[in-house]
Amino acid sequence: MILAALLLAAAAPSPATAEDAERAFAAMAQRDGQWTAFRSFAAADAIMFAPDPVNAQAHLKGRKNPLMPVMWWPSTAMASCDRSLAISTGPWRRDGGKAHGSFTTVWQRQPGGDHKWLLDHGRDTPRPLAAGEKAKRRDASCRNLAARKNEIHGFAVAGPVRLSTLTANAAPDLIVQEDGRMPASKPAADLTLELGDSIAGGSSADRSLIWDVQTIVGGAKGAHILTVRRWDGEDWRLALLEITGAPQP
């Protein structure tokens, strides 16, 4: 049933939204091959983790498609007020469901109206995530944004950061994704992480959606943290937190 829906998405007109682009991306992977689809939808400066951050186009150049492509679909989607930036998350499965996990894609709308991904990565989960036909929408608000959109120029900070401090201004529907866990509404433990250099990040043109990826010092190879902050009409709230390869206490 999921595969049939993906193949229908492949036959649909040019994707109008980032959610549509995610479905078309997944459908192309089934139809034309996994890495063919990744190259086709990646921006020139897109990054992925292998396990260190790499330029996706350079990393995937000439890479042969696996015989059995990974299957995925968006279950949650959030877009900026102006729709220039969007984030989608959801389940992935491979090898007939023997391998499973969650993914996150950062999408940017291009001048011609199509969408390219800037960041794509995933993680294993202990159990498969439930499938859904329609993604839950968690979009940024357009209310009161014009008066405040230039007040904050970035959220990335280097040095020790306690997770309870990071999540103090979280949205009520915060999604937290950590190694070896199902998606949750809060971190498993109140760790203090040493954050290092910024890897990538940016914002929508109207600054209603902002994302940052930073290294985690002392963690596993490629350890990093992803934060997404969403304007709610009054303030920027942490809407997505992903922690990969963090050192354990």
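Structure values in brief
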read-out	value
Any chance residue 37 is touching a Phe, Trp or Tyr at 6+ places or on another chain (Cβ under 7 Å), in a strand (DSSP E or B) and farther than 19 Å from residue 123 by Cβ	no
Lone qualifier among 200, 189, 131 - being surrounded by fewer than 19 Cβ atoms within 10 Å (Cβ to Cβ) and within 16 Å of residue 86 (Cα to Cα)	200
Residue match in segment 38-49 (condition: surrounded by 16 or more Cβ atoms within 10 Å (Cβ to Cβ), in the same structural domain as residue 19 (by TED's automatic domain parsing), charged (D, E, K, R) and within 22 Å of residue 136 (Cβ to Cβ))	no
Odd one out for residue 177 among (1) out of contact with any Lys or Arg (no Cβ under 6 Å at 6 or more places or on another chain); (2) in a loop (DSSP other than H, G, I, E, B)	(2)
Residue match in segment 100-113 (condition: basic (Lys, Arg) and either surrounded by 21 or more Cβ atoms within 10 Å (Cβ to Cβ) or part of a strand (DSSP E or B) (or both))	yes
Close pairs from segment 39-65: first farther than 25 Å from residue 225 by Cβ, partner exposed (fewer than 14 other Cβ atoms within 10 Å of the Cβ), Cβ under 9 Å, at least 6 apart	39/61; 39/63
Output for segment 163-198, where each listed residue is under 14 Å from the mean Cα position of the chain (by Cα) and not polar (S, T, N, Q)	174, 175, 176, 178, 183
Failed item in (1) buried (at least 19 other Cβ atoms within 10 Å of the Cβ); (2) farther than 19 Å from residue 240 by Cβ, with residue 85 passing the rest	(2)
From 172, 128, residue being in the same structural domain as residue 36 (by TED's automatic domain parsing), within 30 Å of residue 191 (Cα to Cα) and not hydroxyl-bearing (Ser, Thr, Tyr)	128
Single match in 194, 133 (criterion: among the acidic types (Asp, Glu) and not in a strand (DSSP E or B))	133
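The values are calculated or read from the model by the stated rules, or taken from the named source; none is laboratory data. Owing to the predicted nature of the structure, the values given are computational and were not obtained by experimental measurement. Positions of Cβ are generated from backbone atoms using ideal geometry, with glycine treated the same way; all protein chains shown enter the neighbour counts.
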